[in-house]
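A.B. asks: Here's a structure for you.
The values are calculated or read from the model by the stated rules, or taken from the named source; none is laboratory data. Here the structure is a predicted model, which is why all the values come from computation and not from measurement. Neighbour counts run over all protein chains shown; Cβ positions are idealised from the backbone, glycine included. To get the accessible areas, we keep the full protein, side chains included, count just its heavy atoms, and leave off ligands, DNA and RNA. Shrake-Rupley method; radii C 1.70, N 1.55, O 1.52, S 1.80 Å.
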Amino acid sequence: MTDAIDRIAARLERLHPRLIDLSLDRLRDLLASLGHPEQRLPPVIHVAGTNGKGSTCAFIRAMAEAAGQRAHVYTSPHLVHFNERIRVAGRLVGQDRLIAAMERIERTNNNAPITVFEVITATAFDLFAATPADICVLEVGLGGRGDATNVIDAPAACAITSISLDHRELLGSAVETIAGEKAGIMKPGVPVAVGGQTPDVRRVLLDHARAVEAPLLLRGRDWDITASASGLCYSDASGTIELPPPSLLGLFQHDNAGIALTALRAADLPHRPAGVAATEWPARLQRLDGRLARLLPPDWELWLDGGHNPGAGVVLAEHLRGWADRPVHVVVGMKQAKDSAEFLRPLLPLAASVWAVREPNQHAALPVEAIVAASGGVARPGPLVADALAGVSGGAEPARVLICGSLYLAGEVLKLDAGG
């Protein structure tokens with residue numbers, strides 16, 4: 001089935017000279033030919049940001065489903081199977097249905113210039129419009145202002161997660177410029193839930209919200225979330241709510257859970273905050289227990305995280321400080337064009353060893369030698385994940401291994417751990 005989707009993608013890539021083109025007119029024309037499915041969706045929550053978008057979408061879905069709601073969800077990229085991107089009324093779309101929908105939309109497009117992501121987005125909207133649901137959660141693919149998901153004119157609420165440097169070649173080299181692109185999802189009168197941000201980013205978001213007359217709900221001003229004896233304590237102008245511990249690990253997930261809850265409350269959509277305890281989102285500080293994990297001694301732990309940019313390096317380092325009870329070995333594989341030196345910088349002082357890897361089928365993978373150079377010569381070449389695990393497992397004391405650096409690497413690791 002993946003081969004069929006790859007063939008469709010290959011045909012589409014020939015229709016437009018750029019794989020990524022942040023503009024909306026091509027998609028709007030295609031959606032008009034499809035009868036405007038984007039105008040026939042249930043209430044939409046639109047999520048942008050640099051890190052935490054997918055986790056925030058997962059929290060929104062979990063809290064809505066805990067209240068008995070049916071949720072459409074569109075996220076990217078996928079880790080193992082392409083259909084992970086589209087969840088229709090709570091279920092991943094079937095491969096056959098997905099392929100049929102993409103082929104039909106390809107025919108409707110009739111060889112007009114289009115990008116692959118725009119066709120996938122149109123496919124998601126078309127599938128969503130054909131199936132009843134109570135809420136639709138959309139994750140921005142890249143940026144915000146010119147992202148294909150931004151054709152939604154009137155979402156019920158928007159959400160903006162942590163913003164930091166990423167995709168500088170497309171979004172700009174300054175965090176303020178990137179924040180301006182993310183702020184482009186704001187719409188007049190639509191509430192925007194915003195998590196913790198640096199002062200410079202916060203100022204950009206406040207200015208943009210004021211300009212478009214979008215009510216901004218800022219963490220620390222309009223809402224907050226803190227750890228409590230029983231889990232988390234959320235507070236806003238309406239009072240406080242006790243939440244169980246989130247199933248997604250890491251202190252940074254507290255921010256994402258708070259953003260999700262703020263967006264649902266602002267949109268006035270049914271939800272149960274207790275859903276944070278049942279949230280599922282792979283490759284976000286996920287403990288592995290399959291074939292790869294069994295390459296390590298029984299008292300060791302193997303963890304996987306898809307974090308891949310400087311902001312992710314900072315929050316992963318914060319988590320590693322909480323793992324001070326045993327050594328942590330870091331296995332890193334990255335995508336080309338990523339700022340590997342800045343990602344690694346906060347992790348290097350906390351790692352007992354660092355290993356650079358590149359799996360054979362890892363998309364756009366950075367060479368092992370480049371990762372070693374970015375580490376200042378600290379990292380050792382794997383060159384494969386299994387080689388790195390063999391290299392670290394000779395220690396006598398129990399330890400943890402964290403594999404990180406790329407969502408594409410994460411997908412390959414999940415396949416390997418499952419025995420694929």
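A.B. asks: Quick one: compute the contact order of region 298-420, relative version, from alpha carbon pairs under 8 angstrom and 6+ residues apart, as a percent.
C.D. replies: Relative CO of region 298-420 lands at 38 percent.
A.B. asks: Okay, moving on. If you place +1 on the Cβ of every Lys and Arg, -1 on the Cβ of every Asp and Glu, and leave all else neutral, what size is the dipole of region 306-382 about its Cα centre, to the nearest 20 Debye? Walk me through the numbers before you get to the answer.
C.D. replies: Details: 7 positive and 6 negative charges, 13 e Å.
Dipole of region 306-382, to the nearest 20 debye: 60 debye.
A.B. asks: Related question: Would you please give the residues with an amide H less than 5 Å from that of ALA365, counting only those at least 5 places away or on a separate chain, with H modeled from the backbone geometry?
C.D. replies: GLN336
A.B. asks: Another question, if that's okay. Of the chain, which part is the longest with no trypsin sites (Lys or Arg not before Pro) in a loop (DSSP not H, G, I, E, B) and with at most 12 other C-beta atoms within 10 angstrom?
C.D. replies: In the chain, the maximal stretch lacking such sites is 222-420.
A.B. asks: Shifting gears a bit: Residue by residue through region 117-130, which ³J(HN,Hα) values in whole Hz follow from phi under the Karplus form 6.51 cos²θ - 1.76 cosθ + 1.60 (θ = phi - 60°), with glycine and proline marked x?
C.D. replies: 4, 5, 5, 4, 5, 4, 4, 4, 4, 5, 5, 5, 5, 8
A.B. asks: Hey, another quick one. Quick one: grab the alpha carbon gyration tensor of region 305-420, order the square roots of its eigenvalues as a ≥ b ≥ c, and give me rounded if a/c is under 1.5, else prolate or oblate depending on whether a/b is larger than b/c.
C.D. replies: rounded
A.B. asks: Still on this structure: Each residue of region 151-158 in order: what ³J(HN,Hα) in whole Hz does its phi give by Karplus 6.51 cos²θ - 1.76 cosθ + 1.60, θ = phi - 60°, with x for Gly and Pro?
C.D. replies: 6, 6, 7, 9, x, 6, 7, 10
A.B. asks: Fully extended, how many nm does the chain gain between SER393 and ALA237 (0.36 nm per residue separation, minus their Cα-Cα distance)?
C.D. replies: Between SER393 and ALA237, full extension yields 51.1 nm more.
A.B. asks: Express in whole angstrom the spacing between the alpha-carbon centres of region 227-247 and region 341-420.
C.D. replies: 35 Å
A.B. asks: Ignoring any ligand, DNA or RNA, what whole percent of the accessible area of region 120-235 comes from carbon and sulfur when the probe is 1.4 angstrom?
C.D. replies: 52 percent
A.B. asks: Seen from all sides and averaged, what is the projected area of the convex hull of the Cα atoms in region 1-78, in nm²? Please list the in-between numbers first.
C.D. replies: Values: hull surface 29.3 nm².
Convex hull of Cα atoms, orientation-averaged projection: 7.3 nm².
A.B. asks: Accessible area per residue, 1.4 Å probe, Å², for the chain: what's the number?
C.D. replies: 40 Å²
A.B. asks: When N is the residue count of region 170-284, what does its C-alpha Rg come to as a fraction of 2.2 N^0.38 Å?
C.D. replies: 1.12
A.B. asks: Find the all-direction average of the projected area of the Cα convex hull for the chain, expressing the result in square nanometres with one decimal place. List each step's numbers first, then the result.
C.D. replies: Working: hull surface 77.7 nm².
Computed as one quarter of the Cα hull surface, the answer is 19.4 nm².
A.B. asks: Restricting to Cα pairs below 8 Å that are 6+ residues apart, what does the relative contact order work out to for region 137-286? Please round to a whole percent.
C.D. replies: 20 percent
A.B. asks: Further question on the same structure: List the equivalent ellipsoid semi-axes of region 1-132 in whole Å, largest first, each obtained as the square root of 5λ for an eigenvalue λ of the Cα gyration tensor.
C.D. replies: 24, 16, 15
A.B. asks: Only Cα pairs under 8 Å and at least 6 apart count here; give the relative contact order of the chain as a rounded whole percent. Walk me through the numbers on the way to the answer.
C.D. replies: Numbers: 872 pairs, mean separation 67.5, N = 420.
Contact order relative to length: 16 percent.
A.B. asks: Sum up the lysine pairs in the chain that clear both bars: alpha-carbon distance under 28 Å and a spacing of 8 or more or different chains.
C.D. replies: Close lysine pairs found across the chain: 9.
A.B. asks: A further question on this structure: Could you pull the accessible area for SER238 with a 1.4 Å probe, rounded to 10 Å²?
C.D. replies: 100 Å²
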